[in-house]
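Working notes for the structure below.
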Amino acid sequence: MANEKNDEIVVLGGTGKTGRWLVRELRAAGHAVRPASRSGEVRFDWSDRDTWPAVVEGAAAVYLIPGGPEATRDFARLAVDAGVRRLVTLSGRGMDRYPPGVGAARFPSVAAGELAVRESGVEWSIIRANNFNQNFDVDYWRPPLLAGRLALPTGGVPEPFVDTRDVAAVAAALLTEDGHQGRAYDVSGPRALTFDEAVATIARAAGREIRFVELTPEEYQAELAAEGVPAEAAAELGAIFDSMRSGHLAEPAPGVREVLGREPISFESYATEAAQAGAWA
Ligand SMILES: NC(=O)c1ccc[n+]([C@@H]2O[C@H](COP(=O)([O-])OP(=O)(O)OC[C@H]3O[C@@H](n4cnc5c(N)ncnc54)[C@H](OP(=O)(O)O)[C@@H]3O)[C@@H](O)[C@H]2O)c1
């Protein structure tokens, strides 16, 4: 179905860190796009199944940011029944490294996304991404950076952070080009940095003093509980750092180069641009 410009592409999470760039990228290439989320152009709510049919009706492909396991499975089935012919899901780096059942127990949502597209019976691809650059400026880590202290249980293991603009560009290719179906791509940035180095890079770019503090996993859980983070989300965040400390996500991955034929965006250029845009002002 490559490059049929009248076929609409549904982007779940179209207002999110990857979806917002994916919508721009696809539109710039002339594709018709249906950004779907609670506050998006098309209303879609994982917790309101009445909103689902209109989202997939007549669509050709879906960027599937997963919801809960059962909902994700049911939504993928609904999409295929409605005629969707291609599904691309966003998952986490290392999901293929767990023994059967363990990944699904630790990361139920992305595991369900992977399973749903694989079992869909239509064309599918999986993107397995390292931690995003944009976690530092539009998401979890921005408030602590603004407060001058980011504290996490990284074990000093470096992470090849990936820019969500690269994730979106890869997703756009998988949704619109042939040759990527039935494949999973590991995507990362070009170089691994410790969180100490990443925070120092941001502090320099922002011209502020910001400390990185290494926590034990127990101290991290205590901080999350004190912030009122729900137990389920705290467990998933804990599992992300367990996975990172194991060291098997630390090598840069080739996905961006394989799919796009160019180098991924560096952390330094991301930090400079985000600082100039006032992210940590
Ligand atoms: N952060 C990372 O470093 C990282 C790394 C690898 C993989 N991932 C995976 O990436 C996924 C998140 O993608 P993202 O970072 O692009 O999104 P995001 O920035 O977390 O934004 C979430 C998106 O989902 C929408 N949304 C939230 N609740 C919803 C609901 N109940 N029903 C429908 N839509 C809802 C939001 O829009 P509305 O508010 O308008 O509904 C928003 O567009 C997760 O599955 C995560 O596991 C993240």
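The values are calculated or read from the model by the stated rules, or taken from the named source; none is laboratory data. The structure presented is a predicted model; accordingly, all values stated were derived computationally and were not measured. With ideal geometry, Cβ positions are generated from the backbone for all residues, glycine too; neighbour counts draw on all protein chains shown. Side chains are part of the model used for accessible areas, which takes the heavy atoms of the whole protein and leaves out ligands, DNA and RNA. Shrake-Rupley method; radii C 1.70, N 1.55, O 1.52, S 1.80 Å.
Which count do you get for residues in the range 132-154 that are of a type in the set (Ser, Thr, Tyr) and either part of a strand (DSSP E or B) or at pLDDT 95 or above (or both)?
The number of residues fulfilling the criteria is 1.
Out of everything in the range 25-49 that is open to solvent by 90 Å² or more (accessible area, probe 1.4 Å), touching a strand residue (DSSP E or B) at 6+ places or on another chain (Cβ under 9 Å) and of a type in the set (Lys, Arg), what residue ends up being nearest to the ligand (Cβ to nearest atom)?
So the residue we want is ARG38.
Could you tell me which numbered condition SER109 fails, if it satisfies all but one of (1) near the ligand (Cβ under 10 Å from one of its atoms); (2) more than 16 Å from the chain's Cα centre (by Cα)?
(2)
Does ALA234 meet the test of being part of a helix (DSSP H, G or I), open to solvent by less than 50 Å² (accessible area, probe 1.4 Å) and more than 19 Å from GLY92 (Cβ to Cβ)?
When the stated conditions are applied, ALA234 does not pass them.
Of all residues in the range 162-178, which are within 13 Å of the ligand (Cβ to nearest atom), outside any helix (DSSP H, G or I) and of a type in the set (Asp, Glu)?
Passing the criteria: only ASP163.
Give the range 55-66 a look and list any residue that's open to solvent by 10 Å² or more (accessible area, probe 1.4 Å) and either under 18 Å from ARG43 (Cβ atoms) or in contact (Cβ under 8 Å) with a residue 60 or more places away in the chain (or both), or say none.
Across the range 55-66, the qualifying residues are GLU57, GLY58, ILE65.
Quick check on this structure: which one of GLU8, GLU4 is away from the ligand (no atom under 13 Å from the Cβ), modelled with pLDDT under 95 and either in contact with a strand residue (DSSP E or B) (Cβ under 7 Å, 6 or more places away or on another chain) or farther than 20 Å from GLU119 by Cα (or both)?
Answer to the check: GLU4.
So the check is Cβ under 7 Å with 6+ separation or different chains; which pairs have a first residue in the range 205-224 that's farther than 18 Å from LEU146 by Cβ and a second one that's among the β-branched types (Val, Ile, Thr)?
The qualifying pairs are GLU214/THR154.
Test of understanding: among GLN181, GLN134, which residue is open to solvent by 10 Å² or more (accessible area, probe 1.4 Å), under 23 Å from VAL88 (Cα atoms) and within 13 Å of the ligand (Cβ to nearest atom)?
Of the residues listed, the single one that is open to solvent by 10 Å² or more (accessible area, probe 1.4 Å), under 23 Å from VAL88 (Cα atoms) and within 13 Å of the ligand (Cβ to nearest atom) is GLN134.
Starting from the range 86-106, take each residue that is more than 14 Å from the ligand (Cβ to nearest atom) and list its partners that are assigned to a strand (DSSP E or B) and open to solvent by less than 10 Å² (accessible area, probe 1.4 Å), counting only C-beta distances under 6 angstrom and pairs at least six apart or across chains.
ARG86/ALA61; LEU87/VAL62; LEU87/LEU64
Does the range 204-217 hold any residues that are open to solvent by 70 Å² or more (accessible area, probe 1.4 Å) and within 16 Å of GLY156 (Cα to Cα), and which are they?
ARG211, GLU214
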